[in-house]
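The block underneath contains the structure these notes are about, expressed in structure tokens.
The values are calculated or read from the model by the stated rules, or taken from the named source; none is laboratory data. In this text, all values refer to a predicted model and were calculated from it rather than measured experimentally. Methodologically, a virtual Cβ is constructed for each residue, glycine included, from the backbone with ideal geometry; neighbour enumeration extends over all protein chains shown. Side chains included, ligands, DNA and RNA excluded: accessible areas come from the protein's heavy atoms. Shrake-Rupley method; radii C 1.70, N 1.55, O 1.52, S 1.80 Å.
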Amino acid sequence: MTNQQNIEEAFNNLLEGYLNSNHRKKIDVIQKAYNFALHAHQDEIRPSGEPYMAHPIAVATIASQEMGLGSTSICAALLHDVLENTDYTIDDIRNIFGEKIAMIVDGLTKIAGGIFGDKAQTQAENFKKLLLTMSEDIRVILIKICDRLDNMRHLDKQPEAKRYKIAGETLYIYAPLANRLGLNSIKTELEDLSFKYEHPEEYTAIEKKLAHTREQRETLFDDFTTPIRNVLDEMGVDYDIKARVKSPFSIWNKMQKKHVSFDEIYDILAVRIVFRPKKEEEEVNECFNIYVALCKLYKSHPDRLRDWLSHPKANGYQALHVTLMSNRGQWIEVQIRSEKMDEIAEQGFAAHWKYKTGTDTEKVAEDELNGWLQTIKEILDDPQPDAMDFLDAIKLNLFASEIFVFSPKGDIITMPAGCTALDFAFQIHTFLGTHCIGAKVNHKLVPLSHKLKGGDQVEIITSSSQHVHHEWVNFVTTAKAKNKIQALLRKRDRDDAKLGENTLRTWLEHKDLTLTTSILDKLTAYHQSKTHTRLLLDIAHGELALNDTLLNAVLYGKETKETATNKHKGWRRFIPFVKEKGLKAKDKALIIVGKDFDKSKTITINEDNIDGYILPSCCRPIPGDNILAYVNKHNQIEIHQRSCSEAQRLQSSFGTNIVPAKWDMAGSLTFKASIEMRGIDRKGMTKDVSTVIYDAFDVNIKSFVMTTDDGIFNCRIELLVTDNVITERIIKKLYAINGMQSVHRM
């Protein structure tokens, strides 16, 4: 078929899916949007070589058939790139298609090309605009997620450096957004596609292992579900039973977090029971009836019952999860949900609108969505001055898992997992948080930094004399609390800096001098303060003494032996960045990237040039690791492991500065590799660990620290190795030692 025929067929498939939905059949406006976009994009070609119009149709199809959105969203999806790629204006869209479609298209255009790019601060402002638009119409972000999903499905057509940027940004922002909006199937696909392009070897290895173990899972599934089918048939339940296999990204993520192998992941298979209730108002009761029947068949795990029926997740997810012991001695999770719950779990809030009836139960998701949007508005009302701080604030709690805690009166408060008592105080009211001195959790006194667990009952204790402290920022996790604390601290710092400025001005006037920028510059440089404000705060807080000796040294260059000895004492807050490198015969200057540096070409690291790169301590990359390069703000090149959390942040935030990199080492240099172990303590354990390293591999130990507590030992060793192949072999040998429970590289 010709390209034009392919486009027409794709559009007809879009229309056919729309006509089979429950939406009102507004074919005319969709046809008009298609014709308009087709004309606007007629000369554009995608990187794959196909007409550009294939992309808007694909985005509209995802919005319609995978999210269940209607004609307004379909039109906006068809038009979403018109403003960015053509000469048409928002007024043209508004005049032809109306205000609603124009507003959505405008919101989508504001973040075209990604949330962050060459100018992170400007792009962060665009992201804020998106959130503001999203708070008015959630369809803006839903269509943007559709747009990202289609781009990810065609990512193999992009240059390698661009793949890193798009995949990193997807995993950092879009997959969590999809999850927060209840788009489970899209979230899973975005994660897997990001994983596929960021870690292709690991992705392929897991795919092969999943294929290799497929027959075993199918046999286990049949054996486990046969008795369940018999019982449900006897109960007269109208149901489907599905096997849910853990996604490659979820498996890999668990392997990384738990430091275990593929064979040690025991929840790869889960069972999902989706039923059609006899009466819609009885669907929750039917879930529990099925649960009771299953517990009569199999033994249930007492600590793994998850009731998302009584208290749905913040994204509207409802189901009952129970873990049962199969006849083969393996724990298997069973998810019980109605057909409506299943559709909501996959399509998120779009499905909620479809099922909305006005009852209290049906309004749960809408209330949760409004609460989420309100949190966004609070962050936008007091935004972080720094672009990256702003994005981190968004990620802090908008994408976190939730727990339920109780107020002293028994009210249920939804909080992000990992939150503290101080987070809870700020969640209730800013005044409560500002004057919080402690809390009672389950009637026991705890500090502000105490981490809350699901089911805790929390009472906040306040004092009118209490005020915010700088260290509070370190033990709050929610965006709301962190923003409020930082806003109050910034206000206090402004007041203190003003006091410091007045103090310095008065002192200088007594010396017949006037406070100028030049004097501030000299004082700031002398004391190595980062900014004028930091210097003035030191003066206000009494950390910097103003005297004649200082005046002579700084302003007149008459430095005495006393001032030279005490120079900067107590004030050096900014520690130089330390590069973690292997042992080198000589030290060379770092490579500085010029304007003509080609970021699309792969950097090759070898013995001759390795001194020119920064190997950061966040992940300590060594030869053999899967790596990428990042050109930092000083035009130096940092080398990170691709699995490093900092690397993922850099990919999403400064993707255009990411460069492909690879090793080409001959094994003549050694690098630090830290290994952490945990296991059951016994006599001779230290000897066994040392023997593996010395006798089997002849590797030098730089440090060896072992502690024991109640029969459990923890050990951390630092080795000098030539590459990660040796490190992985050592880990495998250590893991085979009797009593060893876990071994992983730090």
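Counting only heavy atoms of the protein chains and using a 1.4 Å probe, LEU309 has close to 10 Å² of accessible surface. Working note: Karplus 6.51/-1.76/1.60 with θ = phi - 60° gives segment 63-79 the couplings 4, 7, 8, 9, 10, x, 7, x, 5, 4, 5, 4, 4, 4, 5, 5, 9 Hz, where Gly and Pro are set to x.
Apolar share of the accessible surface for segment 636-746: 46 percent from carbon plus sulfur atoms, 1.4 Å probe. Taking every protein chain into account, the 1.4 Å probe leaves LYS662 with about 110 Å² of accessible area, to the nearest ten. Take the Cα radius of gyration of segment 392-518 and divide it by 2.2 N^0.38 Å, N being the number of residues; the result is 1.40.
If a/c stays under 1.5 just call it rounded; otherwise compare a/b with b/c (prolate if a/b is bigger, oblate if not). Do that for segment 194-244, with a ≥ b ≥ c from the square roots of the Cα gyration tensor eigenvalues.
Values: a/c = 7.56, a/b = 2.62, b/c = 2.89.
Oblate is the answer for segment 194-244, as a/c is 1.5 or above yet b/c matches or exceeds a/b.
Remark: segment 231-244, residue by residue, has Karplus-estimated 3J(HN,Hα) of 5, 5, 5, 5, 7, x, 7, 8, 8, 10, 10, 10, 8, 10 Hz, where x stands for each Gly or Pro and the curve is 6.51 cos²θ - 1.76 cosθ + 1.60 at θ = phi - 60°. A Förster distance of 35 Å, applied to the separation of the beta-carbon atoms of GLN5 and SER600, puts the FRET efficiency at 0.55.
At the residue level, TRP331 shows approximately 80 square angstrom of accessible surface with a 1.4 angstrom probe and all protein chains present.
Using 19 Å as the Cα-Cα cut-off, could you pick out the over-long pairs in LYS254/LYS482; LYS662/LYS702; LYS162/LYS196; LYS144/LYS484; LYS254/LYS313; LYS451/LYS482? Check vs 19 Å cut-off fails for LYS254/LYS482; LYS662/LYS702; LYS144/LYS484; LYS254/LYS313.
Just to confirm my numbers, what's the Cα centroid distance between segment 474-492 and segment 655-670 in Å? Distance between centres, Cα-based: 39 Å.
Local charge for VAL743 was computed over the other residues whose Cβ lies under 10 Å away, with Lys and Arg +1 and Asp and Glu -1, and equals +3.
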